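Q: Take this structure, written in structure tokens, and hold onto it; I'll ask about it next.
Taken together, the values in this text are just the output of simple stated rules run on the coordinates, not laboratory data. Treat the numbers as computed from the prediction; the structure is a model and nothing was measured. Cβ atoms come from the backbone with ideal geometry, glycine included; neighbour counts cover every protein chain shown.
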Amino acid sequence: MDTDAATIAKQINDLDTDRITVRINSPGGSAFDGVAIMNALRSHPASVTVRVDGLAASAASIVAMAGDEIIMGPGTQLMIHDPWVYTQGDAAFLRSEADRLEKTAESMASLYARRAGGTADEWRDLMTEETWFTAEEAVEAGLADRVDSDDAAPVENNIAATFNLAHFRYAGRAHAPAPRIPSAEAVEGTQGKEGVMPTFMESLRTRLGVTEDASEDDVLAALDAALAARTEGQSIEARADVVAVDRSRFAEMQSQLAELAAYRQQQEQAAAESYLAQAMADGKFPPAKLSHYRDLLNAAPEQTRALIDGMPKNVIPVAEIGHDGDGVHVDELTAQLNAAADKSGVFQLRGL
């Protein structure tokens, strides 16, 4: 039975456990739903184990990236590709949709790079080609940690017989070329919930001389001070409140800060899409108004959320309207109403 990302995210948040196992056998779906489910799993305090039982393709491969450990079953496959969109509209709207799709693809590529190593550009190239991995190839590429031959009996390798893959470029790994492995070495160890970013922030705190409990804003403020001192020609080494950073390391910090900002933006974008989808599911506005409220939410988040939260539900019907078959027949209802009317006959129903 189909469900939506908002419902799944709520179910994940409501789990009171220290271990979550996610079993995946899916050709994918909405990219935004995949990102929303992944972020819900990553934000949960439990240890998350992802087991691919058959296929983790498209958006399902994004969900898989939430695992503290990702295990491929024998004979399983994983596929990554550029996201698609089915839409309609005038030229200006289609251009905006293309821009949004491009940004979504870039965000997805950064997720694969963060998990497996290499650069986002390398992973984007693999996405553009529609790249299929066997279980062993996924481990070699860094997208999974191991193949678990003891977890289950080997599944049939004919994925195309299990799912309709006609809309993809290739009908499974057997019909696709061998994947290229990104040039950089895979990240050592499991990329868990903390991922790359907290390690980088810890390095920044050390190099900038701020305390371990300093917030991200404090770290950024210290970095701004270092930038200002260099711009003004001051000697960074002479200042007690900053630590000198060599040029190449500083450039790396700037790049990783940009990646952090992009990741945060992607999370906020996914949360906004989930919020709008829930409001639409509650019948607050029709699908035709989705892009309108998306634009409002981007321009004025707090005001738009207040507006949507104040809207009544079921303004747009979301459930079947009718009767259950036990109602009064129209002729019987007419007779009852006529009997209740005054004798002057002012109130007469001759039929409906």
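Q: Can you tell me what percent of all Cα-Cα pairs in segment 263-316 are more than 17 Å apart?
A: Cα-Cα pairs of segment 263-316 separated by over 17 Å account for 30 percent.
Q: I would also like to ask the following. What number comes out for the charge environment of Ala98, summing +1 per Lys or Arg and -1 per Asp or Glu over other residues with Cβ under 14 Å away?
A: Every neighbour counted, the sum reads -3.
Q: If the only charges are +1 at each Lys and Arg Cβ and -1 at each Asp and Glu Cβ, what is the size of the charge dipole of segment 34-95 around the Cα centre, to the nearest 20 debye?
A: Value, rounded to 20: 60 debye.
Q: Taking N as the number of residues in segment 5-175, what value does Rg over Cα atoms divided by 2.2 N^0.38 Å take?
A: 1.04
Q: If each residue of separation counts as 0.36 nm, what is the full-extension length gain between Arg169 and Asp90 once their alpha-carbon separation is subtracted?
A: Using 0.36 nm per residue and subtracting the Cα-Cα distance, I get 25.7 nm.
Q: Add +1 for every Lys or Arg and -1 for every Asp or Glu among the other residues with Cβ under 13 Å from the Cβ of Tyr170, and state the total.
A: Overall, the nearby charge balance is 0.
Q: Something else now. From the phi of every residue in segment 133-139, what ³J(HN,Hα) in whole Hz does the Karplus formula 6.51 cos²θ - 1.76 cosθ + 1.60 yield, where θ is phi - 60° and glycine or proline is x?
A: Whole-Hz 3J(HN,Hα) from phi for segment 133-139: 10, 6, 4, 5, 5, 5, 5.
Q: Report, in whole Å, the centroid distance computed from the Cα atoms of segment 89-127 and segment 36-84.
A: Each part's Cα centre sits 18 Å from the other's.
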